[in-house]
Amino acid sequence: MKLAVIEGDGIGREVIPAAVEVLNAFGLELEKVPLELGYARWERTGSAISEEDIDTIKGCDAVLFGAVTTVPDPSYKSVLLTIRKELDLYANVRPVKPLPGITGVTGRNDFDFIIVRENTEGLYSGIEEIGPDLSWTKRVVTRKGSERIAEYACKLAKQRKNKLTIVHKSNVLKSDKLFLDVCRQVASSHGVEYGDTLVDSMAYSLMMRPEKYDVVVTTNLFGDILSDMCAALVGSLGLVPSANIGEKYAFFEPVHGSAPDIAGKGIANPLAAILCVKMLLEWDGRGKEAAVIDRAISHVLEKKLITPDLGGSSTTAEVGHAVANYVIQNL
């Protein structure tokens, strides 16, 4: 496998080296291709990402990505949206599962669900007009986009509890009626049990009754908001990984942003980035290795080798090193 490694900005430069150390501990045959993308590069060169970078990424099988700082400057080209569209990474997959001994705002650990978000259209279409008195963004929902994200969500549901929840706002956003209808049709054709919920009601329900859900499928913006909100259930944004999946490529990134307020302090939680390595291994058909990461994380949590966001005093590098050491000793 050929893997593009992009640290990006802020704490991405700290958590990705920790995750790469864990990946290296497996001793797998893979080629890592480092790339510098993001705001720091844009400040220095005027370009956050170039066509040459896209060509390099397309020459790889997958991407391990840290975080980027995005600024409201019309000349700043979004790195994430560019890569997602160029590689056609249509499925954003965010598992929401508590880690041993860590509880979030609800104090519960009886849930395990996945949010599957359409990743290429919706309000992130990139079709916009910005002006001093009027600005607008075009919300795009297509049958093709809705069908393939529903297919992906149903595939996951069949591997789990065969339950799908479709999240929408079709009572107000009439474009969501197409998304809802297509998701219902696809779920029915696959024999997947399904229901649907309005996004505002879903936000409340996920906080109050997260154990009800298995696979959740929704549009781009709704999925972005709900999945970040659900980090509160597991205890920290530093604990939530994500995958962006296409037909040919895959892209793995922790949900947290570049967190400039703590960047450079060595206190960022690397577990989300390390869990991204787990998702990468699963995508590559290496379930045995992925399971070792689960056990390694359980081990460091039991030993209280945790960063300040979880009430500990360990550094980013110390946590990464502890996970990597466990992998080396338990392969």
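The values are calculated or read from the model by the stated rules, or taken from the named source; none is laboratory data. Owing to the predicted nature of the structure, the values given are computational and were not obtained by experimental measurement. Note that each Cβ is placed from the backbone with ideal geometry, even for glycine, and that neighbours are counted across all protein chains shown. Surface areas here come from the heavy atoms of the whole protein model, side chains and all, with no ligands, DNA or RNA. Shrake-Rupley method; radii C 1.70, N 1.55, O 1.52, S 1.80 Å.
For a label point 7 Å from the Cα of Ser175 along Cα→C-beta, name the residues of the range 120-156 whose backbone N is under 16 Å from it.
120-130, 135-147
Could you tell me the center-to-center distance, by alpha carbons, between the range 22-66 and the range 266-322 in angstrom?
21 Å
If you take the square roots of the eigenvalues of the alpha-carbon gyration tensor of the range 12-85 and sort them as a ≥ b ≥ c, do you get rounded (a/c under 1.5), prolate (a/b over b/c) or oblate?
Numbers: a/c = 2.58, a/b = 1.70, b/c = 1.52.
It is prolate, given that a/c is not under 1.5 and a/b is the larger ratio.
For the range 85-238, give me the percentage of DSSP beta bridges that are antiparallel, rounded to the nearest 5 percent.
Values: 9 of 22 bridges.
The answer is about 40 percent antiparallel.
If you average 1/r over every pair of different alpha-carbon atoms in the range 58-106 and take one over that average, what Kirkwood value in Å do you get? If you can, show how the numbers build up before the last one.
Details: mean 1/r = 0.0699 Å⁻¹.
In the range 58-106 this quantity evaluates to 14.3 Å.
Where does the longest stretch of the chain lie that holds no GluC sites (Glu not before Pro) found in a DSSP loop with 16 or fewer other Cβ atoms within 10 Å? List each step's numbers first, then the result.
On the way: sites that count: Glu29, Glu36, Glu247.
Longest stretch, sites excluded: 37-246.
For the range 239-331, report the % of Cα-Cα distances exceeding 24 Å.
Every Cα pair in the range 239-331 considered, those over 24 Å come to 23 percent.
With r defined as the distance between the Cβ atoms of Ser298 and Leu331 and R0 fixed at 22 Å, what FRET efficiency is calculated, to the nearest 0.05? All intermediate terms of the calculation are to be shown ahead of the outcome.
Details: r = 16 Å, r/R0 = 0.73.
Here the calculated transfer efficiency is 0.85.
Counting only heavy atoms of the protein chains, get the accessible area per residue of the range 35-140 (1.4 Å probe) and round it to a whole Å² value. Provide the component values of the computation, followed by the final result.
Working: 5080 Å² over 106 residues.
I get 48 Å² per residue for the range 35-140.
Just add up the charged neighbours of Pro308: K/R +1, D/E -1, any other residue whose Cβ is under 15 Å from the Cβ of Pro308.
Working: positive: Lys265, Lys304; negative: Glu14, Asp261, Asp309, Glu318.
Every neighbour counted, the sum reads -2.
So how many Å³ per residue does the convex hull of the Cα atoms of the chain work out to? The partial results should precede the final answer.
Values: hull volume 45.1 nm³, N = 331.
Dividing the Cα hull volume of the chain by its residue count gives 136 Å³.
With a ≥ b ≥ c the root eigenvalues of the C-alpha gyration tensor of the range 276-320, is it rounded (a/c under 1.5), prolate (a/b larger than b/c) or oblate? The partial results should precede the final answer.
Values: a/c = 3.48, a/b = 2.30, b/c = 1.51.
It is prolate, given that a/c is not under 1.5 and a/b is the larger ratio.
On a full-extension model of 0.36 nm per residue, what is the gain between Gln185 and Asn162, subtracting their alpha-carbon distance, rounded to one decimal in nm? Don't skip to the end; give the middle numbers.
Details: separation 23, 0.36 × 23 = 8.28 nm, distance 1.51 nm.
Length gained between Gln185 and Asn162: 6.8 nm.
Looking at the range 256-331, which trypsin sites (Lys or Arg not before Pro) are in a loop (DSSP not H, G, I, E or B) and have at most 12 other Cβ atoms within 10 Å?
Details: sites: Lys265, Lys278, Arg286, Lys288, Arg295, Lys303, Lys304; in loops: Lys265, Arg286, Lys303, Lys304.
In loop regions of the range 256-331 (DSSP not H, G, I, E or B), the sparsely surrounded trypsin sites (Lys or Arg not before Pro) are Lys303, Lys304.
Quick check for me: using +1 on Lys/Arg Cβ and -1 on Asp/Glu Cβ, what's the dipole size of the chain about its Cα centre, in debye to the nearest 20?
Numbers: 37 positive and 44 negative charges, 205 e Å.
Taking the Cα centre of the chain as origin, the dipole is about 980 debye.
If you roll a 1.4 angstrom probe over the protein chains with everything in place, what fraction of the accessible area of the range 204-331 belongs to carbon and sulfur, to the nearest %? Intermediate values should be presented prior to the final figure.
On the way: 2670 of 4970 Å².
Heavy-atom surface of the range 204-331 belonging to carbon and sulfur, 1.4 Å probe: 54 percent.
Whole number in Å², please: accessible area per residue of the range 258-299, 1.4 Å probe, ligands, DNA and RNA not counted.
Values: 1660 Å² over 42 residues.
I get 40 Å² per residue for this part.
Can you tell me the FRET efficiency between Leu134 and Lys77 if r is taken as the Cβ-Cβ distance and R0 is 30 Å, rounded to the nearest 0.05?
0.85
Ignoring any ligand, DNA or RNA, what whole percent of the accessible area of the range 50-203 comes from carbon and sulfur when the probe is 1.4 angstrom?
Numbers: 3790 of 7450 Å².
Summing carbon and sulfur atoms, their accessible area is 51 percent of the total for the range 50-203.
Note down the nm distance, to one decimal, between modelled labels 7 Å out along Cα→Cβ at Lys144 and at Glu52.
Each label point lies 7 Å from its Cα, and together they span 3.1 nm.
Quick one: grab the alpha carbon gyration tensor of the range 98-167, order the square roots of its eigenvalues as a ≥ b ≥ c, and give me rounded if a/c is under 1.5, else prolate or oblate depending on whether a/b is larger than b/c. If you can, show how the numbers build up before the last one.
On the way: a/c = 4.28, a/b = 1.60, b/c = 2.68.
In terms of gyration-tensor shape, oblate.
Among the DSSP beta bridges whose two residues both lie in the chain, what percent are antiparallel, rounded to the nearest 5? Display every interim value, and only then the final one.
Values: 17 of 43 bridges.
In the chain, approximately 40 percent of DSSP beta bridges are antiparallel ones.
What are the trypsin sites (Lys or Arg not before Pro) within the range 123-216 that DSSP puts in a loop, where the Cβ has at most 16 other Cβ atoms within 10 Å? Write down the numbers at each step before the final one.
On the way: sites: Lys138, Arg139, Arg143, Lys144, Arg148, Lys155, Lys158, Arg160, Lys161, Lys163, Lys169, Lys174, Lys177, Arg184, Lys212; in loops: Lys138, Arg139, Arg160, Lys161, Lys169, Lys174.
Those satisfying the criteria are Lys138, Arg160, Lys161, Lys174.
Using a 1.4 angstrom probe, figure out how much accessible area the range 165-244 has per residue, in square angstrom, rounded to the nearest whole. List each step's numbers first, then the result.
Working: 2920 Å² over 80 residues.
On a per-residue basis, 36 Å².
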